[in-house]
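Working notes for the structure below.
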């Protein structure tokens, strides 16, 4: 019973967040920047410390997930890769960023291998629990890792918000795309800021 209630409550969080962000953008665009700040200090897939200012001058597509995700993360990152390919030379104006919330498993080496599968410009980031908590709060996303029960699989359960954030050239919030957003819609929105 306890497990069902937890899953039920968790399932409503992303929906509430998206509705809140959309309402803020429509009703008071300036307030959305207070909800999604976009600040971070993390470690990239080259084991270098980076911040939101490391990518100044470029629009950013920021996505939270983990490399062992079976469907949502690779689907979203595939769409991001399509956007980058469709942009052609304009892709140099965009920095796609994947922030892993699975710090125990997603080392810089694993992130480097993972992001390379999708697009050469995609950057993989992660960090300590404190760093991940800070960036999650800054983007107003939820995530968590539940240790595996005593079983043969030994695989932890990881959950996360599945939104793709569009940030401006200074790291400020512009828009958010829900899971299932197609490359054409993302590309069209990006081109509005070139």
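We did not get these values from a lab; they are worked out from the coordinates using the rules stated. Note that the structure is predicted; figures quoted are calculated from it, not measured.
Taking the Kirkwood radius as Rh and the Cα radius of gyration as Rg, segment 37-191 has a ratio of Rg/Rh equal to 0.95.
Potential lengthening of the chain between residue 193 and residue 129 amounts to 19.7 nm, from the contour at 0.36 nm per residue minus the alpha-carbon distance.
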